[in-house]
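The structure appears right after this line, and notes come after that.
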Amino acid sequence: MDSDLSMRTLSTPSPALICPQNAQSFQNGQGSSTSSSSITGETTAMIHSQPLFFIPQCAIRPASRLQKEQAPIDKLPDQTLIQMFSHLPTNQLCRCARVCRRWYNLCWDSRLWRTIRLTGETMNADRALRVLTRRLCQDTPNVCLMLETVIVQSCRRLTDRGLYTIAQCCPELRQLEVPGCYNISNEALYDVVSRCPNLEYLDVSGCSKITCISLTREASIKLSPLHGKQISIRYLNMTDCFVLEDEGLHTIAAHCTQLTHLYLRRCIRVTDEGLRYLMLYCTTIKELSVGDCRAVSDFGMREVAKLEANLKYLSIAHCGRITDVGIRYIAKYCSKLRYLNARGCEGITDHGIEYLAKNCTKLKSLDIGKCPLVSDAGMEFLALNCYNLKRLSLKSCESITGRGLKIVAANCFELQMLNVQDCDISVEALRFVKRHCKRCIIEHTNPSFF
């Protein structure tokens with residue numbers, strides 16, 4: 001790979017091409033050579049020199065004739081082509097850089113490299129990131145000042161090396177998404193958040209080795225005037241980080257005090273104690289998901305209620321230890337709640353729905369599917385208090401009948417989505433809903449209604 005880096009044309013570093021290793025080389029007279037790998041069919045970042053064209057003397061034609069035979073796309077101005085290239089993923093942009101000299105120069109316009117997006121399980125992401133950042137550092141040695149977003153999805157070949165490359169070369173990074181990249185560890189992530197002080201958006205969902213997010217020890221000492229020993233992350237997705245525990249959540253909360261969006265779905269080791277730590281430091285959270293965190297109970301909801309009016313979105317799906325008591329805590333203090341997902345919380349009854357409806361009157365989306373103790377009485381409280389309700393899921397709520405649905409439809413005219421799958425609802429009740437809520441999409445399992 002390093003030998004290819006020496007191939008230059010007119011002192012210009014060659015572009016990186018991200019493509020399957022077994023793809024045919026670009027044919028163009030004496031086309032450039034590419035590095036090869038012993039792994040058959042892998043996807044890697046390869047180096048190609050700037051395109052050169054060798055035209056036989058006999059093939060030279062007058063300029064006017066060449067212009068007549070010019071491809072229509074070549075007549076487009078540079079700005080239009082750059083706009084077109086801006087919609088391409090990284091690998092396709094690199095392919096376009098091989099077409100001709102003009103496209104090469106346009107494809108490496110700094111405006112097109114605010115984002116790097118790599119996908120594919122076999123993608124050699126470490127090498128791709130190393131080659132791309134080296135090319136983007138041409139004008140500013142060792143630093144990619146224009147790069148703000150890096151997205152690497154479901155790539156098992158992204159390791160700590162790739163993250164170290166990002167940390168060293170991308171000080172202006174604002175968004176990092178590495179969902180499903182399960183070979184990265186805490187240490188590399190520490191390095192990224194320590195060297196990228198502007199990082200605000202971090203998605204490590206499915207990264208099963210991540211147990212904590214913190215500054216490196218060196219950064220805590222040397223960069224404390226810059227960071228204030230804090231990390232500027234506002235959006236953090238740790239869904240499916242199965243080994244995250246309360247102590248790790250404590251460390252995250254202590255360092256990421258500016259969090260506004262936090263998703264901990266299926267972090268099965270998180271308990272009420274972890275939520276207590278979270279509320280000590282992160283008081284501005286607007287969206288919180290602890291769905292499938294089965295150790296979270298009503299005591300955890302008491303802690304979450306401390307967010308008060310800041311909380312707009314809450315998911316507690318399948319948290320079976322949460323009952324009406326927890327719902328009352330949320331309803332009493334979080335009056336501006338807009339979205340609640342309580343699917344599978346079987347301890348919730350009509351009393352909890354009543355308290356929720358009377359206190360959270362601006363509720364727009366509610367999912368209480370698989371809550372068998374909620375009946376038509378609960379629907380009546382919703383209908384008479386939550387007029388702005390737009391989405392309602394009652395899937396598998398066996399105690400709800402057509403009567404409850406009619407009350408909702410007669411009062412919630414803005415309803416746009418209703419899920420009554422596996423509910424015993426008559427065709428007549430479904431038609432009533434359709435008449436009163438004309439924009440409503442009804443998801444049902446009644447074969448007689450269409």
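The values are calculated or read from the model by the stated rules, or taken from the named source; none is laboratory data. The shown structure was predicted, so the numbers you read here are calculated from the model rather than taken from an experiment. Positions of Cβ are backbone-derived with ideal geometry, glycine not excepted, and every protein chain shown enters the neighbour counts. When the accessible area is computed, the model is the full protein with side chains, heavy atoms only, and any ligands, DNA or RNA have been set aside. Shrake-Rupley method; radii C 1.70, N 1.55, O 1.52, S 1.80 Å.
Only one of the numbered conditions (1) within 22 Å of Glu177 (Cα to Cα); (2) over 15 Å from the mean Cα position of the chain (by Cα) is not met by Ser289, and that is (2). Check whether at least one residue in region 214-228 is in contact with a Cys (Cβ under 7 Å, 6 or more places away or on another chain) and either charged (D, E, K, R) or buried (at least 20 other Cβ atoms within 10 Å of the Cβ) (or both), and report yes or no. Within region 214-228 (the criterion being in contact with a Cys (Cβ under 7 Å, 6 or more places away or on another chain) and either charged (D, E, K, R) or buried (at least 20 other Cβ atoms within 10 Å of the Cβ) (or both)), the answer is no, since none of the residues qualifies.
Based on what the data block shows, is Leu147 part of a strand (DSSP E or B) and either modelled with pLDDT of 95 or more or among the aliphatic types (A, V, I, L, M) (or both)? For Leu147, the condition - part of a strand (DSSP E or B) and either modelled with pLDDT of 95 or more or among the aliphatic types (A, V, I, L, M) (or both) - is not met. Of the set (1) in contact with a helix residue (DSSP H, G or I) (Cβ under 7 Å, 6 or more places away or on another chain); (2) over 19 Å from Asn388 (Cα atoms); (3) surrounded by fewer than 20 Cβ atoms within 10 Å (Cβ to Cβ), all apply to Ile322 but (3). Put simply, of Glu346, Glu354 the only residue that is touching a Pro at 6+ places or on another chain (Cβ under 8 Å) and either of a type outside the set (A, V, I, L, M, F, W, C) or modelled with pLDDT under 95 (or both) is Glu346. Where helices (runs of 4 or more DSSP H) fall wholly inside region 351-450, the ranges with 1 or more residues that are basic (Lys, Arg) and free of Cβ contacts under 8 Å to residues at least 24 places away in the same chain are 427-436. Taking (1) over 21 Å from Gly120 (Cα atoms); (2) within 19 Å of the chain's Cα centre (by Cα) in turn, Cys207 satisfies each apart from (1).
Among the residues making up region 243-269, a single one is among the hydrophobic types (A, V, I, L, M, F, W, C), open to solvent by 10 Å² or more (accessible area, probe 1.4 Å) and in a helix (DSSP H, G or I): Ala254.
The residue of region 86-130 that is modelled with the lowest pLDDT, among those that are polar (S, T, N, Q) and over 29 Å from Asn183 (Cβ atoms), is Ser110. Can we say Glu380 is out of contact with any helix residue (DSSP H, G or I) (no Cβ under 8 Å at 6 or more places or on another chain), open to solvent by 60 Å² or more (accessible area, probe 1.4 Å), in the same structural domain as Ala331 (by the TED database) and closer than 27 Å to Tyr313 by Cβ? No: the conditions fail for Glu380. Picking from residues in region 140-175 that are touching a residue at least 24 places away in the same chain (Cβ under 8 Å) and of a type in the set (S, T, N, Q), the one that is surrounded by the most Cβ atoms within 10 Å (Cβ to Cβ) is Thr165. Filter region 262-285 down to residues that are in contact with an Asp or Glu (Cβ under 8 Å, 6 or more places away or on another chain) and of a type in the set (Val, Ile, Thr) and give me whichever is nearest to Thr239 (Cα to Cα). The qualifying residue nearest to Thr239 (Cα to Cα) is Ile268.
Checked against the criterion of being within 24 Å of Thr323 (Cβ to Cβ), open to solvent by 30 Å² or more (accessible area, probe 1.4 Å) and not charged (D, E, K, R), region 398-421 has at least one qualifying residue. Just one of the listed residues (Asp298, Asp367, Asp350) is charged (D, E, K, R), farther than 24 Å from Val408 by Cβ and open to solvent by less than 50 Å² (accessible area, probe 1.4 Å), and it is Asp298.
Annotation: of all residues in region 100-139 being open to solvent by less than 30 Å² (accessible area, probe 1.4 Å) and hydroxyl-bearing (Ser, Thr, Tyr), the one that is nearest to Ser154 (Cα to Cα) is Thr133. The residue pairs whose first member lies in region 273-288 and is in a helix (DSSP H, G or I), whose second member is among the acidic types (Asp, Glu), and whose beta carbons are closer than 6 Å, counting only pairs six or more residues apart or on different chains, are Glu273/Asp246; Gly274/Asp246; Leu275/Glu303; Arg276/Glu303; Met279/Glu303. Being within 29 Å of the chain's Cα centre (by Cα) and crowded, with 18+ Cβ neighbours inside 10 Å is a property that holds for Cys360.
Within region 318-338, residues that are on the phi > 0 side of the Ramachandran plot sit with their Cβ atoms under 9 Å from residues that are assigned to a loop (DSSP other than H, G, I, E, B) and open to solvent by less than 50 Å² (accessible area, probe 1.4 Å), at 6+ positions apart or across chains, in these pairs: His318/Gly291; His318/Asp292; His318/Cys293; His318/Gly344; His318/Cys345.
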